[in-house]
Amino acid sequence: HPAMMKSLNKDSFIHIDYAEVIKEKIIDIGLKSDFISVIPTMVSTSLYSSKKNFHNPNKKVIFCGSLFASKGIYELIEAIPEVLEKNPTTKFVIIGSSSDELKLKIKIKELMLNNNVLLTGFIDESLKIKIFKAGHIFVLPSYSEGFPNVITESMSAGLPIVCTNVGGMADAIEN
């Protein structure tokens, strides 16, 4: 954030949650790399771990985040019919909430996806963990991120991750 950067001097210490790309941007504006540390995001892997049955034809695709355009949620909704053409039993579980929730419900109805898409709204941590354990794929088509905790949670749950190459996600995910 530009206002924050102006308040830092060249000898400030900065700690970043697992995002080398953010560190590089800070160095590019003139702060010394010696004063910047990248701290890995922590998740209790034992809470999320589960055995996956990837041969089950009834796949569950999970999205977890704020339901705003910057998270790519509209593009995800638009892509679902194409997925369902090839895999009609796939279910999409969309975890999160925002003021756009009604607009998304209307879009889901327009595309006749009500039988394949579940908008959970805000849920507590224990239910989120159950959903991640039951999932098969995690998707996060964001336009901008630091390093979202849901990526680490997805990894802990053994979920393959489909995401955009932005922010710290580029540091943690290959291909």
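The values are calculated or read from the model by the stated rules, or taken from the named source; none is laboratory data. Everything quoted here is computed from the prediction, not taken from an experiment. Neighbour counts run over all protein chains shown; Cβ positions are idealised from the backbone, glycine included. Surface areas here come from the heavy atoms of the whole protein model, side chains and all, with no ligands, DNA or RNA. Shrake-Rupley method; radii C 1.70, N 1.55, O 1.52, S 1.80 Å.
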Exercise for review: Please report, largest first and rounded to whole Å, the three semi-axes of the ellipsoid equivalent to region 42-144, where each semi-axis is the square root of five times an eigenvalue of the C-alpha gyration tensor.
Suggested key: 22, 18, 12
Practice item. Figure the gain on full extension for Val166 and Phe122 (residue separation times 0.36 nm, minus the Cα-Cα span) and round it to one decimal in nm. Key: 13.4 nm
Point to revise | Projected label distance in nm at Ser66 and Lys32, using a 7 Å step from Cα toward the beta-carbon | key: 3.5 nm
Check your understanding: If one computes the Cα centroid of region 56-83 and of region 113-141, what distance in Å separates the two points?
Key -> 10 Å
Point to revise | Simple Cβ-charge dipole of region 56-175, Lys/Arg +1 and Asp/Glu -1, about Cα centre, in debye nearest 20 | key: 460 debye
Exercise for review: Using a 1.4 Å probe over the heavy atoms of the protein chains, calculate the carbon and sulfur portion of the accessible area of region 58-144 as a whole percent.
Suggested key: 58 percent
Exercise for review: Sorted from largest down, give the three principal axis spans of the alpha carbons of region 107-146, whole angstrom values.
Suggested key: 30, 26, 21
**Study point:** Members of Lys51/Lys109; Lys71/Lys109; Lys52/Lys107 lying beyond 25 Å, as alpha-carbon distances in this model show
**Key:** Lys51/Lys109; Lys52/Lys107
Check your understanding: Assuming R0 = 35 Å, what is the FRET efficiency of Leu111 and Lys25, from their Cβ-Cβ distance, to the nearest 0.05?
Key -> 0.40
**Study point:** region 117-129 - phi-based ³J(HN,Hα) in whole Hz, Karplus 6.51/-1.76/1.60, Gly and Pro as x
**Key:** 10, 10, 8, 7, x, 6, 10, 7, 4, 5, 5, 4, 4
Check your understanding: Can you work out ³J(HN,Hα) from phi for every residue in region 93-106, in order, using Karplus 6.51 cos²θ - 1.76 cosθ + 1.60 and θ = phi - 60°, giving whole Hz and x for Gly and Pro?
Key -> 10, 10, 9, x, 8, 5, 5, 7, 4, 5, 4, 5, 4, 5
